[in-house]
Every structure is written in structure tokens, then in C-alpha cells.
Amino acid sequence: MPDTIGLTSLQLSILQILWDRGEATTQDVWEALLKERTLALTTVATLLTRLERKQVLTHRREGRQHVFRPMVTRAEVRRSKVRDLTENLFDGDVAALVSHLVRTDEVDADELARIRVMIDEAEARAGVGD
């Protein structure tokens, strides 16, 4: 997998379907996408092919159909997207990203408490304060 994976929201929706199902045909993906947007079956087939070229998906043949499955995990894509966000919007400064996130009005006390626990756990793993 490349360090960063450039994915559109539609490509992420396709991956979401495949992560949830494990694998799916073009028809399966198209039907699942119909719940949120109207696309031609050929458009979905093109998107799946592009994702395969990016080495994000692979396929096997089952009769006349291709059955696609993801080659990347949710965690890998999240890491890639956060890395890209950090590099592009915060000049690689992780502390600036975290500062931006916790200083918004949208973070409530419960979320801040969960973040505090995660920081404590990360410090323990890193041996900070030993």
C-alpha cells in the first residue's frame, strides 16, 4: 500500500461496503450505493477498476462476474488520510492538529475525558514519566 491513498468520498463509500461485506460483486456494490446516490452500473465498474489500479482492491472471477475485496484495512486508510491531513493543513505538526480538534466547541466533556484516557495510555506505552 502506498503511504497515502488519495480517495474520493465515493471511493470511500465503496470501500465501506466492501469492508462491511468482506467481498462483493459490481452489482452488489452498485445496489448498496443506490441507497445514498444514483449511479450507473458502468460507473461503479469503472470506480472498482480504478481502485484496483491503486492497489486498494483486488478481484477474483466467479463465473462471469468479478468479486472484489479490499486489500487495505479501515485503519490503514484512516492513518493515510490523517497523515495527509496533518501534512497538508498543519505542516506535519500533529500537536497543531490535536489542538485544533480539542479547541472546537463541538468537543464535549465526555469526549475530552476519553481523549485524556487515550493520551494517558499512549504515554504509558511510550514510557513517558518513567
- request: Being in a strand (DSSP E or B) and either not hydroxyl-bearing (Ser, Thr, Tyr) or not assigned by TED's automatic domain parsing to the domain that holds VAL77 (or both) is the filter here, so list the residues in segment 10-50 that pass it.
  value: ALA24
- line: Note on segment 85-103: residues exposed (fewer than 11 other Cβ atoms within 10 Å of the Cβ) and either farther than 26 Å from ILE5 by Cβ or in contact with a Gly (Cβ under 8 Å, 6 or more places away or on another chain) (or both) are ARG103
- line: Within segment 51-86, residues of a type in the set (Asp, Glu), assigned to a helix (DSSP H, G or I) and in contact (Cβ under 8 Å) with a residue 24 or more places away in the chain come out as GLU76, ASP84
message: Scan segment 23-38 and tell me whether some residue there is in contact (Cβ under 8 Å) with a residue 40 or more places away in the chain, in contact with a Leu (Cβ under 7 Å, 6 or more places away or on another chain) and either surrounded by fewer than 16 Cβ atoms within 10 Å (Cβ to Cβ) or not polar (S, T, N, Q) (or both).
response: yes
query: (1) over 30 Å from ILE119 (Cβ atoms); (2) surrounded by fewer than 12 Cβ atoms within 10 Å (Cβ to Cβ): which one isn't true of GLU52, the others all being true?
result: (2)
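The values are calculated or read from the model by the stated rules, or taken from the named source; none is laboratory data. Predicted model only: the values in this text are computed from it and were never measured. All Cβ positions, even for glycine, are placed from backbone atoms using ideal geometry, and neighbour counts span all protein chains on display.
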